[in-house]
Structures are given as C-alpha cells and as structure tokens.
1. How are the C-alpha pair distances of the chain spread across 10 Å bins, as whole percents from the shortest bin up?
2. Please identify the longest segment of the chain free of exposed chymotrypsin sites (Phe, Trp or Tyr not before Pro), where exposed means a DSSP state other than H, G, I, E or B and no more than 12 other Cβ atoms within 10 Å.
3. Using the alpha carbons of region 258-456, what is the convex hull volume per residue in cubic angstrom, as a whole number?
4. Could you work out the local net charge near K298, counting Lys and Arg as +1, Asp and Glu as -1, over the other residues with Cβ closer than 13 Å to its Cβ?
5. Using modelled amide H (1.01 Å from N, peptide plane; none on Pro or chain starts), what sits under 5 Å from the amide H of H376, excluding residues fewer than 5 places away?
6. How far, in degrees from 0 to 90, does helix 461-470 lean away from the longest principal axis of the Cα atoms of the chain, to the nearest 10?
7. Of the accessible area of the chain, with the probe set at 1.4 angstrom, what percent is carbon plus sulfur?
8. List, in order, the whole-Hz ³J(HN,Hα) value for each residue of region 188-194 obtained from phi through the Karplus relation with A = 6.51, B = -1.76, C = 1.60 and θ = phi - 60°; use x for Gly and Pro.
Amino acid sequence: MCGIIGYIGNKQASDILISGLSHLEYRGYDSSGIALMHDNKTEIFKAQGKLINLIEILNSALPTYKASHLGIGHIRWATHGLPTTANAHPHTCTCKKLTLVHNGIIENYKELKEELIQNQKNTVFRSQTDTEIAAHLIAYEYGKTKNLLKAMQNAVKKIKGAFAFCAIHNDEPDKIVVAKRNAPLVIGLGEGENFVASDIPAIIEYTKKAIYLCDYQVGVITKDDVKIYDENDVLVQNKIEYLPFEAMAISKMGYKHFMLKEIHEQGDVVRNVLSSKILSPVEKIKLEEFKLDKAKIKNIKRIQIIACGTSLHAGLVGKYILEKFAKIPTDVESSSEYIYRDTIADENTLVIGISQSGETADTISAIKQVKKENSHVIIITNRADSTMARLADSLMPVNAGIEVSVAATKSYMAQLMSLYILAIYLYEQKGLNDYDGEIINLKQELIELPNKIETLLENVSDIKEVARKYANYKDFIFIARGINYPTALEGALKLKEISYINATGYSAGELKHGPIAMLDENMPVLALLNKGIVYDKVLSNCEEARARQAKLIAVTNYVSKKDEGLFNDIILIPSVSDTLSPAVNIVVLQLLAYYISEFLGKDVDQPRNLAKSVTVE
Ligand code: M6R
C-alpha cells in the first residue's frame with residue numbers, strides 16, 4: 001500500500017511521475033501528490049482521491065512545473081490520518097526545503113514527535129501523518145550535517161517500523177536520497193537519468209536495468225550515478241538485474257471492468273498453469289520448480305500454508321487436497337496470526353507461502369520468521385520478481401498475468417491450480433498407489449477444466465438474474481461443507497469487498513451452532529451443493545435454513561426434482577467432481593459478486609478502503 005516514485009534526468013519529470021503513479025494505483029487511491037524541483041525550489045501538487053484528480057490540478061496549473069527534471073511522487077492508502085489533501089504526500093519540513101514521500105508505517109512516530117518538539121520548538125506540523133514526522137526528523141538531522149545522505153542515515157537509525165523513503169532537498173538539487181526497511185524499492189538505471197519506484201511497472205517503460213535496494217541500505221541517486229551504502233556506511237554494489245517485463249498497455253479489452261475481464265481469462269489461466277506440468281493423465285507431473293529431492297519429500301512430516309485474504313482461501317482448499325493426496329498433515333494460517341505466536345516448524349516442515357503480489361507484509365514477515373527454522377519454503381506467487389519470490393527456496397510462479405482489479409479472481413484460480421499440481425506431484429514423488437485411478441481421473445478432469453469454465457462463462461444469465469434479485473439485501477450467508485467451505489469464505493469475501501454487503505461464509509454444519517439465529521426472510525443463504533460425499537448433509541442444512549424462512553439459492557451440479565422446490569433460485573454449473581468443484585463454483589461466486597456490485601453502481605475495480613498490495617503489517 002502506498003506507492004512511491006522518483007525521477008532525475010533530462011526529461012520532464014512530471015510526465016514520468018504521473019505515468020509511474022498510474023501504474024502504482026493498485027497500491028492505493030486515497031490521494032496522490034508530486035513534488036517537482038526546479039531552480040532550487042520545490043513545487044508540490046496534491047489531490048484527494050484518485051490520480052485523475054491530481055492530473056486535473058496539473059492541467060489547470062501554470063505550466064512552469066514542466067521545466068522540472070527532478071521529482072518525487074506518491075499514491076496513498078491511508079494509514080495515519082484521514083485521506084485528505086493535507087495528509088497526502090509529499091510532506092515537507094518546517095522550512096519546506098526538504099520533501100519526502102514514504103511507503104510504510106513509522107511505529108514510533110509519537111515518540112519521535114515528542115523528541116522533535118523538545119529539540120525544535122518551532123516545528124510546524126501540517127498533517128496527521130507519521131510520514132511528516134520523518135520529514136521533520138530528516139530535516140533536523142540535515143541541520144546538524146548539511147548533508148542529505150548523512151541526514152537520512154542518521155534518521156533511519158531512529159525510526160522503528162517499515163519504510164521506503166524518497167527525499168529531496170532544495171540545497172542539494174542534484175539528487176534523490178532513498179532508504180528502505182521492509183518495504184519494496186527498486187532503482188531503475190537509465191542513460192543520463194535514473195528512476196526509483198515501489199514496483200517495476202512504474203518504470204519499465206523507461207528502462208529494463210534495475211537494482212533492488214536491500215533493507216537498511218541508503219542510496220544516493222543522481223542523473224548519472226547511483227551510490228548505495230549499507231548500515232555501516234560502507235559503499236556497496238548491488239547486483240544489476242535485467243527486468244523480465246515488457247512495457248504493456250493494460251487494457252480492459254472491451255470489458256466494462258478489469259474484474260470481469262480477469263474472470264473471463266480464467267480458462268486460459270488454467271491452461272497456462274497446467275500446460276507444461278500435466279502432459280497427459282498417465283504421465284507423472286513435471287515440477288522442476290520444486291527443489292526438494294525424493295528422499296527429502298519422503299521426510300516431510302507436515303505442511304504449513306501461510307497467506308492472507310484470497311490467497312489464504314486458496315491455501316484452505318490446498319489443505320484438503322494435500323492431505324487427501326500427499327497424505328501430509330497440513331495447517332493453514334493467516335500470516336498475520338502466524339507471526340506473533342510460537343509456531344513449530346523445522347527442517348521436516350514444508351512451508352508454502354501464497355501471495356498474488358508477493359509483497360504482502362504479513363506474509364513476508366511470516367516467511368522470514370520460518371526461514372530461520374530451516375524449513376523448505378515454497379512460494380506460489382503471480383509476481384516472480386517480488387520480495388517473496390526472492391525469499392523462496394522453491395518458486396512456483398503462477399503466471400496469471402497482471403491482475404488489475406483489486407478483487408483477486410484469476411490469481412486465485414492460478415493458485416488453486418498450482419496447489420492441485422503440487423499435491424499430485426508430492427503424491428507421485430512419494431510413490432503412493434493410485435489403486436482406484438483417482439489421480440488419473442483428476443488429471444483428466446484438470447485437462448478438461450478450461451473448457452468447463454468457458455462453458456460456464458458463455459451463459460451467465462441465471463447469475464445476472466440472481467444478482468439483480470438479491471442486490472439490495474444488506475446481509476448474505478454462503479454455506480458449504482468439505483472442500484467447498486473455503487469457496488464459501490472466498491465467495492463472501494468477494495461480495496463484501498466490492499459491494500460492501502455484509503457477507504459471511506460458514507461451514508454448513510456450523511450454521512445450527514449459532515448463525516442460524518440470524519436467519520429470516522431478509523437473509524439470503526447461498527449453498528454450494530455438489531454431488532459428492534457431503535451433498536445430503538448440505539441439503540439437510542438447507543432444509544434447516546428454509547424452515548427459518550431464509551431465501552435459498554443453490555449453486556449446484558445436481559439437484560433432484562423432489563428437492564428443487566426447496567430453493568428460491570438455482571444456478572446450475574457444469575458437472576465436475578467434488579475434488580475439483582472449488583475451481584468451478586468460485587467462478588459463479590465471482591460473477592455474482594461482480595454483477596451485484598455493478599448493479600449497485602459501486603467502483604468494482606477499485607473498491608473503497610482497499611489496495612491491491614498490502615505492504616504494511
Ligand atoms: O497479494 P496477496 O495475495 O498476498 O494479497 C492478499 C490479500 O490482501 C488479497 O488476497 C486480498 O484479500 C484481495 N483484495 C482479495 O480479493
């Protein structure tokens with residue numbers, strides 16, 4: 001959350017900063033701002049809300065700012081202080097000579113503020129942000145050293161928390177000074193120009209050569225040079241990386257929203273994940289990405305899956321299939337909970353970190369923690385260039401393509417597919433016997449899955465109709481049992497995120513242990529009813545809900561004539577085994593959330609209060 005960018009060179013800085021911020025908008029859209037230096041003066045433009053508001057301000061400003069070739073910019077996801085213009089970055093010190101943008105959270109900002117007030121009674125505070133305190137602190141250190149690099153080095157030693165900083169100072173108009181700890185920062189290298197940003201898409205249009213700044217390092221970027229110092233002030237050389245990206249025009253391809261486009265891409269996403277891995281139902285899965293040999297695989301005593309949000313739900317499906325096929329006890333835990341307790345992992349534990357972005361702060365912290373225990377860490381991510389990818393012992397990139405919509409859809413599908421592959425791979429490497437041909441059948445079904453998803457996507461009129469009918473309900477319950485329980489959780493999360501309806505997923509059997517008290521004619525209950533071992537049980541739970549007058553919707557691949565009357569609405573899905581049903585059911589729930597949100601006129605792709613990449617704990 002929050003994205004930062006900086007440019008120094010010969011080009012018009014404002015254009016590069018705005019274009020870069022447009023590629024960082026997935027990190028937040030509460031406000032944005034840029035600072036442009038020219039003739040030893042810094043001009044700041046800020047706007048509340050989306051980037052378009054900042055662009056409008058620039059369009060109506062005097063064009064003198066266009067002469068600037070040095071600037072920094074920011075896109076905000078509010079942590080401290082309301083999403084107002086005053087709280088928008090960049091922030092300045094009292095004399096306004098130092099300007100700062102920041103991604104992260106300064107945990108000790110209150111203490112630092114107290115100290116600053118003691119040390120400099122005339123400090124003028126203009127915002128409620130933690131970042132402004134850092135700006136004052138660096139300026140205070142600058143007062144002592146008259147050197148922006150030293151000032152930054154001294155300041156970061158006093159700061160607790162996570163940060164990626166870009167600072168400029170009117171008295172040193174030839175540089176940007178950067179620093180980072182537990183927040184991403186990449187420096188793009190050009191000819192007579194250099195760039196810095198939270199993420200590659202912001203700079204890929206201009207350069208393919210980059211350096212990743214490491215934690216505790218501080219860098220000085222001029223137009224012809226980049227110098228990086230470690231925490232002991234020793235000059236270090238970071239490896240130059242060649243970025244595996246093409247500058248791409250990200251387009252909706254005729255769809256009204258990115259989310260709808262991304263839902264419709266899921267057939268191809270499945271094909272893509274499976275293509276080089278499952279060649280035929282009878283051949284063993286190839287998984288060169290997995291670096292543990294057979295002997296070590298046989299020694300795995302437990303699996304721990306760590307993830308957040310939608311990725312966590314993929315992990316919960318993973319538990320079912322890893323235990324079913326690989327026969328290894330599997331725990332799934334939210335990264336934010338995993339970090340702050342005494343977890344037990346050792347060299348016989350396989351840890352699976354799942355993350356679309358590869359930058360989720362909670363998951364990164366959990367992975368760093370577990371790496372100390374010598375567990376093998378496999379990362380399943382959509383960003384092979386991310387911080388998490390660089391921490392992996394084994395890396396499984398899911399290659400779902402850039403996902404723009406804040407609500408994750410196709411990346412979830414790709415994560416699911418990676419987990420099916422991994423479960424079957426572990427099963428095969430352990431030499432377990434497929435007595436009843438279940439694995440062969442599953443592989444065959446996986447091969448057929450893209451077509452099933454596409455068939456479902458061809459006719460969405462039932463889903464649209466259900467969306468229209470239920471869009472104005474204030475609450476929603478999703479129920480399922482077994483392997484689809486996580487699907488119920490994910491369906492509820494999708495609906496909450498983009499329509500703001502209070503939706504909750506329950507295991508159908510839990511309904512009677514409390515939640516049933518909420519049921520009446522104002523509570524729609526959506527049941528995932530797949531022909532399989534829990535079918536009859538879920539049906540009974542539906543009866544219980546019906547007896548409380550709840551409106552009942554079934555998403556099902558089978559419902560008998562005698563049971564049809566139980567439901568107010570039925571959405572039929574293509575026939576699929578219980579084991580693979582999460583991959584089909586979720587498409588229905590994604591579409592339902594999408595059409596409800598669209599019907600309600602919500603901002604589908606950029607729902608309020610959210611960001612695509614959550615880089616604070
Ligand atoms: O990038 P990650 O997969 O680590 O992100 C985790 C969650 O923040 C993310 O899944 C979030 O819940 C999405 N908005 C879900 O649509």
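1. Reading the bins upward from 0: 3, 16, 25, 23, 17, 10, 4, 1, 0.
2. That gives 1-339 as the longest site-free run.
3. Cα-based convex hull of region 258-456, divided per residue, equals 105 Å³.
4. Here the count lands on +3.
5. Under 5 Å from the amide H of H376 lie the amide H atoms of T349, V351, each far enough along the sequence or on another chain.
6. On a 0 to 90 degree scale, this one is about 70.
7. 50
8. For region 188-194, the Karplus curve yields x, 9, x, 9, x, 7, 9 Hz.
The values are calculated or read from the model by the stated rules, or taken from the named source; none is laboratory data. Note that the structure is a prediction, hence the values are computed from the model and not measured. Reconstructed Cβ throughout: ideal geometry from the backbone, glycine too, with neighbour counts over all protein chains shown. Accessible surface areas use protein heavy atoms only, side chains included; no ligands, DNA or RNA. Shrake-Rupley method; radii C 1.70, N 1.55, O 1.52, S 1.80 Å.
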